[in-house]
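The values are calculated or read from the model by the stated rules, or taken from the named source; none is laboratory data. Given the structure is predicted, the values throughout are model-derived calculations rather than measurements. Backbone-built Cβ (ideal geometry, glycine too); neighbour counts: all protein chains shown.
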Amino acid sequence: MIQVHFTTQDGSVTSAVGTDGESVMEIARNNGVHGIVAECGGAAMCATCHVYVSPGWLARIPPVSEFEDELLEGTGAPRMENSRLGCQIKLNDTLDGLEVTVPASQY
Amino acid sequence: MGRKVVIVGAGQVSATLAAKLRADGYDGGITVLGDENTLPYQRPPLSKAYLLGKQAMAQLHLRPAAFYSQAQIDLRLGCRAIAIETGVRVVRLQGDEVIPYDHLVLATGSAARSWPAALGGTLEEVRTLRTVSDADSLSLALRSAGSILVIGGGYVGLELASVARTLGLAVTVVEAQKRILNRVAGEDTARYFRTLHVAHGIRIVEGMGIRRLLGGGRVEGAELENGEVIACDLVIVGIGAIPSTALAVAAGLEVDDGVVTDEFCRTSDPVIWAAGDCARVRTSAGSIRLESVGNAIDQAETVAANIMGGERAYRPRPWFWTEQHGVRMQIAGLSAGHDETVLRRTSDGSRSSCWYFRKDNLIAVDAINDAQAFLAGRRLIDSGMDVDRAAIGNPSFDLRNLAKATLPEISS
């Protein structure tokens, strides 16, 4: 079991548990974390599962692919250095305790 | 704000609408009536990753079961609504139970158009794809079939052709109109996909009708209008969808290829709303019915806001996506009615996009393996700004500059 902590816009933290291979987007959706839309359901087509990854965790996540990089240019909330698409972050044991912040809007 | 919202249909609209009502503090009853026996799920993967066995059912669920119980959403699955009695505001279910409503939302979706029975449509192994149960049985059929005929060269047909070929079947696509994607994309995009499918060993026959399907109990082939017989042991019919409007018609609501609503997604009955594939929205710019996830979400959110007492108008912002033979295409806008196209292509052909104009306006972009073109196109369509066609046609021009220039200034 791998735990992910989501900080949402009202400052509250939701901690959710997922399994190896699940994406951050799927865990958010399965645990009712507000603010993740995921229109395309994880096909990396829409950029509506944008999250900010807490510093320190970024280095443990495989780098942004060219396609994700382009989609991140189209996020609703401003893109930052720690912006990622939740559907492209697949969980594994090294990510247990991952902290991400959900932006104010996905549009 | 009513005390009880009843939603007929349990797909993308229901999952979005019920969640949005609760997120916005609606504390009345919410009942969702779904005739399938599954939690609300995503349909787009049914013709792609799910059919290939790359995605499990649990990944298709829009929300897990616990979400509905925790949010006190009464999700009634395997439950068929048979009538709406608008005078007394109840929905009648099969078995004669009645469910009262204060607000009713029709989210009944659409059904796959079937091949005429008189032309062999009732033969065994003539299939359509709409539900996960269709996908499950199609998946089994694909794994035992040798050759497949896909009737219809639209997106669903071409996606299914791609899946069938990946699974090793011999595949023929027959399109009655002059070319594939005739209704939904321009010639450049059609040419790209035609070449792609042919390169993968698929036969594409365009501008050719099918006289009839052949076979005894089971389908064995098809006779084309030119007399050619194509042998196959499986047929998939991908010739469009029909909005599911029977309940609305019987209830006396205005229906015109879709349940007609105003720009607030309200039907001709003030406490009945419609959203998703089944809904046709009338705006000052005309009427529109869209079959897409993005549209279902936008309309569900519009209905939620308006049930909560808002006055939110729906603004169509169509976008779609497809995946065939590993090629990704994102589509912004609707290209129908274009009078000019501009093609943008890298020299190696790895990315390309087709930009559609009508008079002076950009109306749609088909972006193949090019998310940048999709995003830029989407912003430019939204902004309604003039677009420099020469710049777009030049593949070394950075689209990000163009798209960013159209964003409103953000004061710091």
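Things to note:
- Among the residues of region B:202-233, those identified as in contact with a helix residue (DSSP H, G or I) (Cβ under 9 Å, 6 or more places away or on another chain) and either farther than 25 Å from residue B:168 by Cβ or not assigned by TED's automatic domain parsing to the domain that holds residue B:191 (or both) are B:211, B:212.
- A Cβ distance below 7 Å, combined with a sequence gap of six or more or placement on separate chains, defines the contacts here; from region A:59-84, residues that are within 12 Å of another protein chain (Cβ to nearest Cβ) and free of Cβ contacts under 8 Å to residues at least 60 places away in the same chain reach residues that are in a loop (DSSP other than H, G, I, E, B) and surrounded by fewer than 15 Cβ atoms within 10 Å (Cβ to Cβ) in the pairs A:76/A:105; A:76/A:107; A:77/A:104; A:77/A:105.
- Test result for residue B:164, surrounded by fewer than 21 Cβ atoms within 10 Å (Cβ to Cβ) and either of a type outside the set (Lys, Arg) or part of a helix (DSSP H, G or I) (or both): no
- Scanning region A:51-70 for residues that are in contact with a strand residue (DSSP E or B) (Cβ under 6 Å, 6 or more places away or on another chain), of a type outside the set (D, E, K, R) and not in a loop (DSSP other than H, G, I, E, B) turns up A:51, A:52, A:53.
- Enumeration of residues in region B:168-222 that are farther than 19 Å from residue B:239 by Cβ and among the hydrophobic types (A, V, I, L, M, F, W, C): B:169, B:170, B:196, B:198, B:199
- Residues that are out of contact with any Pro (no Cβ under 7 Å at 6 or more places or on another chain), among the β-branched types (Val, Ile, Thr) and over 17 Å from residue B:13 (Cα atoms) within region B:78-110 comprise B:82, B:84, B:86, B:88, B:91, B:98, B:99, listed in sequence order.
- Where strands (runs of 3 or more DSSP E) fall wholly inside region B:46-154, the ranges with 3 or more residues that are hydrophobic (A, V, I, L, M, F, W, C) are B:73-77, B:81-85, B:90-93, B:103-106, B:147-151.
- Leading residue by the ranking (surrounded by the fewest Cβ atoms within 10 Å (Cβ to Cβ)) among those in region A:30-42 that are more than 7 Å from chain B (Cβ to nearest Cβ) and free of Cβ contacts under 8 Å to residues at least 60 places away in the same chain: A:31
- If you go through region B:4-24 and keep only what is free of Cβ contacts under 8 Å to residues at least 60 places away in the same chain and either of a type in the set (Ser, Thr, Tyr) or over 24 Å from residue B:81 (Cα atoms) (or both), you end up with just B:23.
- Number of positions in region B:71-92 that are surrounded by fewer than 17 Cβ atoms within 10 Å (Cβ to Cβ) and either aliphatic (A, V, I, L, M) or modelled with pLDDT under 95 (or both): 5
- Among residues of region B:230-247 that are within 30 Å of residue B:268 (Cβ to Cβ) and touching a residue at least 12 places away in the same chain (Cβ under 8 Å), those with a beta-carbon under 9 Å from a residue that is part of a helix (DSSP H, G or I) and among the acidic types (Asp, Glu) at least six positions away or on a different chain give the pairs B:241/B:277; B:243/B:277; B:244/B:277.
- Qualifying position, being charged (D, E, K, R), crowded, with 20+ Cβ neighbours inside 10 Å and within 13 Å of chain A (Cβ to nearest Cβ), among B:22, B:43: B:43
- Only one of the numbered conditions (1) under 30 Å from residue B:259 (Cβ atoms); (2) touching a strand residue (DSSP E or B) at 6+ places or on another chain (Cβ under 9 Å) is not met by residue B:172, and that is (1).
- Residues that are facing another protein chain (nearest Cβ under 10 Å), surrounded by fewer than 24 Cβ atoms within 10 Å (Cβ to Cβ) and without any contact (Cβ under 8 Å) to a residue 60 or more places away in the chain, drawn from region B:299-343: B:328
- Scanning region A:43-53 for residues that are within 11 Å of chain B (Cβ to nearest Cβ) and either at pLDDT 95 or above or surrounded by 24 or more Cβ atoms within 10 Å (Cβ to Cβ) (or both) gives A:45, A:46, A:47, A:48.
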